[in-house]
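Asks: Pasting in a structure now, in structure tokens, and then I'll have a few things to ask.
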Amino acid sequence: MSDYRGGPVVDHGRDHRAAGTQPGSRMARRAAAAVPPPPPPDDRSRGHRDGGGSGRGKGSGQTKMRVLAWVSIGMTSVMVAGALTAYTLYRDAFGNIKEKSVKEDIINPRPPDTGALNVLLVGSDTRAGAGNARYGQQLARAADAGGKRTDTIILMHISPNRDKAQLISFPRDSLVQIPRCKNEATKQEMPARRDMINSAYNSGGIACTISTLETLTGIRVNHFVEVDFSGFKNIVDALGGIEICLKSGVNDKASKLVLPPGKSLLNGEKALGYVRLRHYGDGSDIQRIKRQQIFLSKVVAKATSSELLTDVGRLREFIAAAAGSVTMDPELANDTEQLIQIATSARAMTANGVKFTTVPWQPDAEDPNRVVWKDPDAKELFAAIRTDTEVVKPTPTTAANNTPKVTVKPEQVKVQVLNGTKTPGRAREVADMLAKEGFNVVGLGNFEAADGQSLAKTEIHYAKAADVAVAGATTLAGAVLPKPGTQQGKVAAVGPQTYSSGVTAPAKGTPVTQLVIGEDFDSVKVTKLPDSVKDSTITASEQKNVCT
């Protein structure tokens, strides 16, 4: 981590005449994209593309909390912040929000809601709309603007308690299975295909992008926020520019971006060139994503600073710019009560609670200019998001009940997993999940109900009413979805066998807790993620002095 506090700041925030980025090399691809359904994108040299890819006063704490509730989700979702801010004071600005209803165009089965809030944030490279055509060549000025793609794809996950936010970045060069979708223009159904993930947006719009992510991850996308080039610039300018730091200077003719080494304060025009820059570093989309994440971290810090929140005029200007710069689904844009509820429940969300993660990836075996998601690491990341479902309520304490309950960690819980369903191998599958989460699984087996049918609901059984036995059952129940009931009294295991989880054995005499799998079993909560996920995660609050 580089500390650049001693260097001068070059202010690029005052010259609004700067030339726009001109990614002209994508024009052939855009022309081909005009015919639905489009062919695979003609983009074979990822590293050589032009231009890049994709208060102090009374009540100030509440205002900061409300703004933070959406600003901390990142740059493109900054407009959501406006909706979460003092609504009665700034309601006029929200009339500028553009709405787009897409749920009727999602034709694939959808994952269930979990209580979390998942918002898809996309930065569109479309040249349609005021101020966007200047970023392309002649084809960009056509009626269809030469097609569009998602320069940035981020899934914002806010926990059910609304106290933590995680932003998952999906490399746009990812080769994935895109499901059947409606063509955005013709509404005709397009067959499933293997393609780059950003082509889903080109052919099927935001509805196809949502459906693609839902089918790949199993995560329900509740809402979406879309921002184009002009909207991005407006938001940055309304914040008074964003300061970045470069390890080396940039003089990129393709993007017309010239920056010196060290710190620079970027206005909207320069910021757009910076986050889309490809001719820097190793030229990869992965490195560009890292720069975008650090940039958004700085947005979080500035949008939640007391300097902005205590300046009513600037705050109003910022909210108006944010509201007028995005498109979202009407369910989010018009549900003021939901937005305010989200805001008021986000007291614990601070920049410290916002993390940015890039999906674990590896080069595609057939085309090193493309990436594929690395499994099982990516699947474990998605499972962690899916299983973040529980709203934790504080336990009340009273004078009569001030003795803390016995609590045990997963590694202190001995578990025997029994398959109460008719699905072979279910016990071992669940045992593997529990072992990965640190539980001391000691045995497997089956359970036969008296009626010979599959057990409908998962159960947890413990033998003794001792505190440690009850605590073990409670810890195990908290790791299983849906949360099973616990009861005293063990059941008979059919065909029991041993299982070694590799976890250090707990204290001698620790009772064994039985998990009997029923038909309703969904998953084990994933809290321990592989190193590849940890290595690709940054925390917003730690990016202040980072040079890229």
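Coordinate-derived values only; no laboratory data. Everything quoted here is computed from the prediction, not taken from an experiment. Don't worry about glycine lacking a Cβ; one is built from the backbone with ideal geometry, like all the others, and counts go over all protein chains shown.
Asks: To the nearest µm²/s, what D does Stokes-Einstein give for the stretch 410-524 at 20 °C and 1.002 mPa s, using the Kirkwood radius over alpha carbon pairs as Rh?
Replies: Rounded, D is 156 µm²/s.
Asks: For SER501, enumerate residues with amide H under 5 Å from its amide H, sequence gap 5+ or separate chain, H modeled in the peptide plane.
Replies: When sequence neighbours closer than 5 places are left aside, the close amide H contacts are VAL441.
Asks: Search the structure for amide H atoms under 5 Å from the amide H of VAL250, placed 1.01 Å from N in the peptide plane, and list their residues when 5 or more places away or on another chain.
Replies: Amide H neighbours of VAL250, under 5 Å, 5+ apart: LEU259.
Asks: Let's test the formula: R0 of 51 Å, r as the Cβ-Cβ distance of VAL406 and ASP451. What FRET efficiency results, to the nearest 0.05?
Replies: Using R0 = 51 Å, I get an efficiency of 0.90.
Asks: Still on this model: Principal axis lengths of the stretch 241-336 from Cα atoms, whole Å, largest first?
Replies: Largest to smallest, the principal-axis extents are 44, 30, 20 Å.
Asks: Using mean Cβ contacts within 10 Å as the protection proxy, how do 164-174, 284-294 order, highest first?
Replies: Those peptides, ordered most packed to least, come out 164-174, 284-294.
Asks: Taking 41 Å as R0, compute the FRET efficiency from the Cβ-Cβ separation of GLN488 and ASP531 and round it to 0.05.
Replies: 0.55
Asks: For the stretch 431-442, what does the Karplus curve 6.51 cos²θ - 1.76 cosθ + 1.60, with θ = phi - 60°, yield as ³J(HN,Hα) per residue in whole Hz, taken in order and with x for Gly and Pro?
Replies: 4, 4, 4, 5, 4, 5, 8, x, 6, 8, 6, 10
Asks: Then there is this: Quick check on my link table: of LYS374/LYS483; LYS164/LYS409; LYS247/LYS534; LYS379/LYS490, which ones sit more than 27 Å apart, alpha carbon to alpha carbon?
Replies: LYS374/LYS483; LYS379/LYS490
Asks: When the chain is fully extended, how far beyond the present Cα-Cα distance does GLN362 get from GLN188, taking 0.36 nm per residue of separation?
Replies: 59.3 nm
Asks: Place the peptides 500-509, 248-257, 355-364, 322-331 in order of packing, highest mean first, counting for every residue the other Cβ atoms within 10 Å and averaging per peptide.
Replies: My ranking of the peptides, most packed first, is 322-331, 355-364, 248-257, 500-509.
Asks: Here's a follow-up. What FRET efficiency do you get for ASN334 and THR498 if R0 is 56 Å and r is their Cβ-Cβ distance, rounded to the nearest 0.05?
Replies: E between ASN334 and THR498, to the nearest 0.05, is 0.45.
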